[in-house]
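*Asks:* Mind looking over this structure? Questions follow.
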Amino acid sequence: MSQQKRKLEQLQRWMQTVISAPGGITAGIASEEAQREIPLLDHQLESVITRSSQQTSQERIGIYANAYYARLLE
């Protein structure tokens, strides 16, 4: 497996853990499972999810978290 593919899979596992955490994004980032994939503190989120000109990293990943729960309710 290539290094690039391994990094993508790691990011996908981390993101799934973070957006599906029952306690929200901050709890997801701090969870043991997320920390095993990509160890970082909440304020370091921009090192993984970049901010846009209009949204913070937290707001951007929040879109995915909200969509995840909305799909569960359908």
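The values are calculated or read from the model by the stated rules, or taken from the named source; none is laboratory data. Nothing here was measured: the structure is a model prediction, and the numbers come from that model. A quick note on method: Cβ atoms are made from the backbone with ideal geometry, for glycine too, and the neighbour counts reach across all protein chains shown.
*Asks:* Can you tell which of SER31, SER47, SER57 is touching a Leu at 6+ places or on another chain (Cβ under 9 Å), within 24 Å of LEU72 (Cβ to Cβ) and among the polar types (S, T, N, Q)?
*Replies:* Just one listed residue meets the conditions, SER57.
*Asks:* Can you work out which of the residues in the range 38-47 that are crowded, with 16+ Cβ neighbours inside 10 Å and assigned to a loop (DSSP other than H, G, I, E, B) is modelled with the highest pLDDT?
*Replies:* ILE38
*Asks:* Just need a number here: residues in the range 7-43 that are of a type in the set (S, T, N, Q) and farther than 13 Å from ILE61 by Cα.
*Replies:* Residues of the range 7-43 of a type in the set (S, T, N, Q): 10, 12, 16-17, 20, 26, 31, 35.
If we keep only those that are farther than 13 Å from ILE61 by Cα too, we end up with 10, 31, 35.
Looking only at that region, the number is 3.
*Asks:* Still on this structure, I have one more. Restricting attention to the range 13-30, and to residues there that are over 8 Å from the mean Cα position of the chain (by Cα) and in a helix (DSSP H, G or I), which single residue is farthest from ALA70 (Cα to Cα)?
*Replies:* ALA30
*Asks:* Would you mind telling me which numbered condition in (1) in contact with a helix residue (DSSP H, G or I) (Cβ under 7 Å, 6 or more places away or on another chain); (2) not in a helix (DSSP H, G or I) GLU33 fails?
*Replies:* (2)
*Asks:* Just one of GLN54, GLN4, GLN35 is exposed (fewer than 11 other Cβ atoms within 10 Å of the Cβ), more than 9 Å from the chain's Cα centre (by Cα) and at pLDDT 95 or above; which is it?
*Replies:* Values: GLN4 fails: at pLDDT 95 or above; GLN35 fails: exposed (fewer than 11 other Cβ atoms within 10 Å of the Cβ).
Result: GLN54 is the single residue among GLN54, GLN4, GLN35 that is exposed (fewer than 11 other Cβ atoms within 10 Å of the Cβ), more than 9 Å from the chain's Cα centre (by Cα) and at pLDDT 95 or above.
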